[in-house]
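Colleague: One structure, pasted below without further comment.
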Amino acid sequence: MKKDCVFCKIVAGVIPSQTVYEDDKVIAISDINPVAPVHVLIIPKKHLGKLEMLNEEEMEVAGYCFQITPVVARAKKILNEGYRLVLNQGENAGQELDHLHLHLLAGRNLEGMG
Ligand code: AMP
């Protein structure tokens, strides 16, 4: 757990969240400021930083975040209609929180890069 990390506090239960899915490695929660009707954050329970900083074991956990997306999509009932995954890295991507996480967006037409 990293001090002053919002997602570490959510994992620890210190900050409340709306949990969509949880297992021993990840937690998936509703984004507090959704940009689509379905906006879920898939967050590794261990504090992971940028992709280039990850060791092999941590990279497996990052990969697991992708692996679990169909389970989350099914839980939100949007598996068949489709969804977008976003992983922001750094300033130009607009990354706010440095704890690695995936955005799962769905529920409207997301064509284009915007
Ligand atoms: P990023 O810009 O990729 O770092 O995304 C961080 C995301 O975390 C943003 O979409 C925020 O709306 C979301 N967020 C920040 N604080 C919370 C919170 N307490 N609960 C749920 N989502 C949050």
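The values are calculated or read from the model by the stated rules, or taken from the named source; none is laboratory data. The structure presented is a predicted model; accordingly, all values stated were derived computationally and were not measured. Here the Cβ positions follow ideal geometry from the backbone for every residue, glycine too, while neighbour counts run over all protein chains shown. Heavy atoms of the whole protein, side chains included, go into the accessibility calculation; ligands, DNA and RNA do not. Shrake-Rupley method; radii C 1.70, N 1.55, O 1.52, S 1.80 Å.
Colleague: (1) surrounded by fewer than 18 Cβ atoms within 10 Å (Cβ to Cβ); (2) within 15 Å of the ligand (Cβ to nearest atom); (3) at pLDDT 95 or above: which one isn't true of LYS2, the others all being true?
Modeller: (3)
Colleague: Between a residue in the range 1-16 that is at negative phi and any residue that is open to solvent by 40 Å² or more (accessible area, probe 1.4 Å) and modelled with pLDDT under 95, which pairs come within a Cβ distance under 7 Å, given they are 6 or more apart or on different chains?
Modeller: CYS8/MET1; CYS8/LYS2; ALA12/MET1
Colleague: Out of ALA36, ALA73, ALA93, which single residue is within 15 Å of the ligand (Cβ to nearest atom), open to solvent by less than 20 Å² (accessible area, probe 1.4 Å) and over 17 Å from MET1 (Cβ atoms)? Quick ask: steps written out before the conclusion?
Modeller: Details: ALA73 fails: within 15 Å of the ligand (Cβ to nearest atom); ALA93 fails: open to solvent by less than 20 Å² (accessible area, probe 1.4 Å).
Exactly one residue qualifies, and that residue is ALA36.
Colleague: A follow-up question, please. Residues being surrounded by 14 or more Cβ atoms within 10 Å (Cβ to Cβ) and more than 7 Å from the ligand (Cβ to nearest atom): count how many of those fall in the range 23-33.
Modeller: Of the range 23-33, the ones surrounded by 14 or more Cβ atoms within 10 Å (Cβ to Cβ) are 25-31.
Add one more test, that the residue is more than 7 Å from the ligand (Cβ to nearest atom), and what stays is 25-28.
Adding up the residues that qualify gives 4.
Colleague: List the number of the failed condition for ILE78; all other conditions in (1) open to solvent by less than 30 Å² (accessible area, probe 1.4 Å); (2) within 11 Å of the ligand (Cβ to nearest atom) hold.
Modeller: So ILE78 meets the others, but not (2).
Colleague: Sticking with this one: How many residues, within the range 60-101, are closer than 19 Å to ILE27 by Cβ and assigned to a helix (DSSP H, G or I)?
Modeller: So the count comes out to 15.
Colleague: A follow-up question, please. For LEU79, state whether it is in contact with a His (Cβ under 7 Å, 6 or more places away or on another chain) and either modelled with pLDDT of 95 or more or within 17 Å of SER17 (Cβ to Cβ) (or both). Show your work before the answer.
Modeller: Numbers: in contact with a His (Cβ under 7 Å, 6 or more places away or on another chain): no; either modelled with pLDDT of 95 or more or within 17 Å of SER17 (Cβ to Cβ) (or both): yes.
No; evaluated as a whole, the condition is false for this residue.
Colleague: Check LEU54 against each of (1) over 27 Å from LYS3 (Cα atoms); (2) open to solvent by less than 40 Å² (accessible area, probe 1.4 Å) and name the one condition it does not meet.
Modeller: Going through (1) over 27 Å from LYS3 (Cα atoms); (2) open to solvent by less than 40 Å² (accessible area, probe 1.4 Å) one by one, LEU54 breaks only (1).
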